[in-house]
Amino acid sequence: MKIFVCIKQVPDTETKVKISADGKSLETQNIKWVMNPYDEYAVEEAIKIRDAQPGSQIFVVSLGPKKRTVESLRTALAMGADEAIAIDSAEFLDPLLSAQALSLVIQMAGGFDIILAGKLSIDTNSSSVPQMLAQYLKIPHVSVVSKIQLQDKKLTAERDVEGGTKEVVEISLPCVISANKGLNTPRYASLPGIMKAKKKTIKEIEWASLDLSPASWNLIKLELPAEKPAGQMLSGSAQEQVSALVQKLRNEAKVLS
């Protein structure tokens, strides 16, 4: 079985990001970059499937500046992936162009059975690349998956929908699966795994070789959300606090008429 995992490198959640002077990009020099957390679930699930299917291989693929994204690819290799592909691209790509590039590279690699990815990346939150990728490859997909069962050429996926409801879907292979939190517990890369990953070759693909059309849309502006006002403590009796709260909700927050 040939398994592909699409991963993205994103700013660590504890990194304090700053917008560049051009208003369209982030200052990257002080950012700590990590593998997108949802993609970690995808890598772990790929390893579980590979280990249960002797002879299978895992290929991890990433888009972005090559000098940086290879770090996340080596993390995936250290976790247990077999091979890695780095597509050297610009910092920002719209989801449609990302899906096009991934579909081309995966097809160039020659066949696939399952493609895994995180349900979304925590930087842009577009939650659309896996679905678009499936469309370009003309294969079925299931998103927000929290449980997988594989039998023969059929895959049963349990996915999370609104209101805490679970939906069970059965699809045939090949397919695209986007992983949600709860699918598994991603392993830490072991020291032997890290040492082995350093010796593995990462295949590099130049963006120009893909001969893709320009981006379908452009980023106009980035801005940070407005700072939230400090919290207020109400004093007095319970009745006085309730009265003060109602007045503030009506006159300051204006959520009561």
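Looking at Lys221, Lys198, Lys254, which is the one that is over 22 Å from Ile106 (Cβ atoms) and assigned by TED's automatic domain parsing to the domain that holds Pro95?
On the way: Lys221 fails: assigned by TED's automatic domain parsing to the domain that holds Pro95; Lys254 fails: assigned by TED's automatic domain parsing to the domain that holds Pro95.
Selected residue: Lys198, the only one of Lys221, Lys198, Lys254 that is over 22 Å from Ile106 (Cβ atoms) and assigned by TED's automatic domain parsing to the domain that holds Pro95.
So which of Leu224, Leu245, Leu256, Leu212 is modelled with pLDDT of 90 or more and not charged (D, E, K, R)?
Leu245
So in segment 126-156, with the set limited to residues that are part of a loop (DSSP other than H, G, I, E, B) and touching a helix residue (DSSP H, G or I) at 6+ places or on another chain (Cβ under 7 Å), which one is surrounded by the most Cβ atoms within 10 Å (Cβ to Cβ)?
For segment 126-156, the residue satisfying everything is Ser128.
Specify the residue that is surrounded by the most Cβ atoms within 10 Å (Cβ to Cβ); the eligible residues are those in segment 1-58 that are outside any loop (DSSP other than H, G, I, E, B) and among the charged types (D, E, K, R).
Checked segment 1-58; the qualifying residue surrounded by the most Cβ atoms within 10 Å (Cβ to Cβ) is Asp39.
Among the residues of segment 35-44, is any in the same structural domain as Gly118 (by TED's automatic domain parsing) and either at pLDDT below 90 or among the aromatic types (Phe, Trp, Tyr) (or both)?
yes
For segment 59-95, give me each residue that is in a loop (DSSP other than H, G, I, E, B), more than 16 Å from Leu116 (Cβ to Cβ) and in contact with a helix residue (DSSP H, G or I) (Cβ under 7 Å, 6 or more places away or on another chain).
Matches in segment 59-95: Ser89 only.
(1) at pLDDT below 95; (2) of a type outside the set (A, V, I, L, M); (3) in a helix (DSSP H, G or I): which one isn't true of Phe112, the others all being true?
Of everything listed in (1) at pLDDT below 95; (2) of a type outside the set (A, V, I, L, M); (3) in a helix (DSSP H, G or I), Phe112 misses just condition (3).
Output the qualifying pairs, or none if there are none: Cβ atoms under 6 angstrom, residues six or more apart or on different chains, first residue in segment 137-154 and of a type in the set (S, T, N, Q), second residue part of a strand (DSSP E or B).
Close Cβ pairs satisfying both conditions: Ser143/Ser178; Ser146/Glu158; Ser146/Asp160; Gln149/Thr156.
What number of residues in segment 158-209 are assigned to a helix (DSSP H, G or I) and exposed (fewer than 12 other Cβ atoms within 10 Å of the Cβ)? Before the answer, list the steps.
So in segment 158-209, the residues assigned to a helix (DSSP H, G or I) come out as 162-164, 191-199, 207-209.
Narrowing further to those that are exposed (fewer than 12 other Cβ atoms within 10 Å of the Cβ): 162-164, 191-192, 195, 198-199, 208.
Summing the residues that are assigned to a helix (DSSP H, G or I) and exposed (fewer than 12 other Cβ atoms within 10 Å of the Cβ) in segment 158-209 gives 9.
Could you give me the residue pairs with C-beta distances under 8 Å whose first residue belongs to segment 157-184 and is more than 23 Å from Ser126 (Cβ to Cβ) and in the same structural domain as Ile49 (by TED's automatic domain parsing), whose second residue is among the hydroxyl-bearing types (Ser, Thr, Tyr) and assigned to a loop (DSSP other than H, G, I, E, B) wherever it lies, and which are 6+ apart or on separate chains?
none
Looking only at segment 218-257, which residues are closer than 30 Å to Tyr136 by Cα and exposed (fewer than 10 other Cβ atoms within 10 Å of the Cβ)?
Step one: filter segment 218-257 for residues closer than 30 Å to Tyr136 by Cα, giving 218-222.
Within segment 218-257, Asn218, Ile220, Lys221 meet the criteria.
The values are calculated or read from the model by the stated rules, or taken from the named source; none is laboratory data. None of these values were measured; they are calculated from a predicted model. We place every Cβ from the backbone using ideal geometry, glycine too, and count neighbours over all the protein chains shown.
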